[in-house]
1. If I model a spin label as a point 7 Å beyond the Cα along the Cα-Cβ vector, how far apart are those points for SER215 and THR244 in nm?
2. Report the far tail of the P(r) of the chain, meaning the percent of Cα-Cα pairs longer than 24 Å.
3. When N counts the residues of segment 1-66, how does its alpha-carbon radius of gyration compare numerically with 2.2 N^0.38 Å, as a ratio?
4. Work out which GluC sites (Glu not before Pro) in the chain are exposed loop sites (DSSP not H, G, I, E or B, at most 14 other Cβ within 10 Å) and give the longest gap free of them.
5. Just in segment 111-202: which chymotrypsin sites (Phe, Trp or Tyr not before Pro) are loop by DSSP and have at most 15 other Cβ atoms within 10 Å?
6. What is the diffusion coefficient of segment 107-217 in µm²/s, taking the Kirkwood radius over Cα pairs and the Stokes-Einstein relation at 37 °C with a viscosity of 0.692 mPa s?
7. As a test, work out the antiparallel percent of DSSP beta bridges whose residues both lie in the chain, rounded to the nearest 5.
8. So which trypsin sites (Lys or Arg not before Pro) in segment 86-146 are both in a DSSP loop and have at most 14 other Cβ atoms within 10 Å of their Cβ?
Amino acid sequence: MEALVLEPASLIILGSGSAGNSAVLHGHAGWFLIDIGLNIADLRRRIAIVGLELLRCVGCMLTHTHSDHWKDSSLAWLYGRKLPIWLHPVHLKNLRLQSKAIHTLEAAGLVHTFEADCPFEPLPGWTALPLKISHDSEPTFGFRLDVCPGFFQAAGKIGFFSDLGCWDEKHSPQLHDLQILALEFNHDQDLLQGGSRPHFLKDRICSDRGHLSNSQAGEVVSSSGIYSGRRDLVLLHLSRECNTPMHAICEAREATRKAGGEWSITVAQQDEPLQPIHAGFLNSIDQIFQAKEEAIPCPVIRRAKQ
């Protein structure tokens with residue numbers, strides 16, 4: 001008799017950055033999207049690249065309503081496939097003023113709302129807990145995703161936090177047993193301050209309602225608690241102008257050392273999808289951007305002249 005092979009829960013980043021954001025949570029019962037900020041042609045291309053079956057998609061949930069996290073053409077694609085969207089009531093109110101497709105989704109009964117700290121089930125066996133985070137799109141949410149073990153399905157614990165200006169310590173207990181933590185590493189402070197962006201934009205990015213710097217994200221990781229198994233850290237939403245993978249990885253590597261345990265570090269890309277990252281299962285080296293000390297030296301940081 002053959003041994004039963006349990007399918008792991010997986011996170012797939014289709015795209016992450018200011019030009020468009022979308023991710024996939026995949027399990028035995030199907031897959032669903034977190035955000036839909038890619039135009040439909042690009043969304044379909046990336047779904048095909050990672051080999052997802054369209055018939056197994058069960059819907060989408062939204063973190064917030066900045067335009068890099070939803071596109072009207074992609075919302076229309078949801079309606080065309082009769083797929084639901086989960087979002088906060090304020091998101092729905094905002095999209096009614098900006099999107100044609102949201103009206104067709106709503107009329108078809110495909111819009112479901114959630115509230116902060118109230119779990120819901122976007123996929124059979126998956127529990128999503130919306131956690132309100134600080135960002136200048138009110139409200140913005142991160143999600144903790146828990147997968148219950150069942151027939152053909154392994155357990156999984158995933159955290160997803162893509163846009164936030166500061167970390168709320170009350171959410172820290174939600175990080176302690178995660179197998180995958182996807183977290184914004186938006187900018188390096190020195191590169192931001194030494195860059196050519198106007199001061200008002202720098203102030204916005206650095207504010208508690210802006211974006212998380214590498215050092216701030218590192219502090220979150222450092223306090224994530226000790227976990228007995230291997231963990232994956234996915235670096236989200238890197239700025240093209242004010243960050244580099246090398247800067248972000250160096251901060252992440254130091255943070256994971258402080259946190260303890262065994263970690264793999266992956267950098268999410270803006271232009272191409274990542275292959276699946278499995279909760280609790282070892283990923284092959286060609287699937288992930290490994291932060292190996294001998295391969296990726298820490299950069300010399302030169303401070304901008306005042």
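1. 1.9
2. Numbers: 23608 of 46665 pairs.
It works out to 51 percent of all Cα pairs.
3. Details: Rg = 13.5 Å, N = 66, 2.2 N^0.38 = 10.8 Å.
Normalised by 2.2 N^0.38 Å, the Cα Rg of segment 1-66 equals 1.25.
4. Values: sites that count: GLU2, GLU53, GLU115, GLU241, GLU293, GLU294.
Segment 116-240 is the longest.
5. Numbers: sites: PHE114, PHE120, TRP126, PHE141, PHE143, PHE151, PHE152, PHE160, PHE161, TRP167, PHE185, PHE200; in loops: PHE114, PHE151, PHE152, TRP167, PHE185.
Qualifying residues, ordered by number: PHE151, PHE152.
6. Details: Rh = 15.8 Å.
D, rounded to a whole number, is 208 µm²/s.
7. Values: 29 of 55 bridges.
Among the beta bridges of the chain, antiparallel pairing accounts for roughly 55 percent.
8. On the way: sites: LYS93, ARG96, LYS100, LYS132, ARG144; in loops: LYS100.
Counting only loop positions with at most 14 other Cβ atoms within 10 Å, the trypsin sites (Lys or Arg not before Pro) in segment 86-146 are LYS100.
The values are calculated or read from the model by the stated rules, or taken from the named source; none is laboratory data. Note that the coordinates shown come from a computational prediction; the quantities given were computed from them, not determined experimentally. Here Cβ is always computed from backbone atoms with ideal geometry, including for glycine, and neighbour counts include all displayed protein chains. Just the protein is used for accessible areas: all its heavy atoms, side chains included, with ligands, DNA and RNA removed. Shrake-Rupley method; radii C 1.70, N 1.55, O 1.52, S 1.80 Å.
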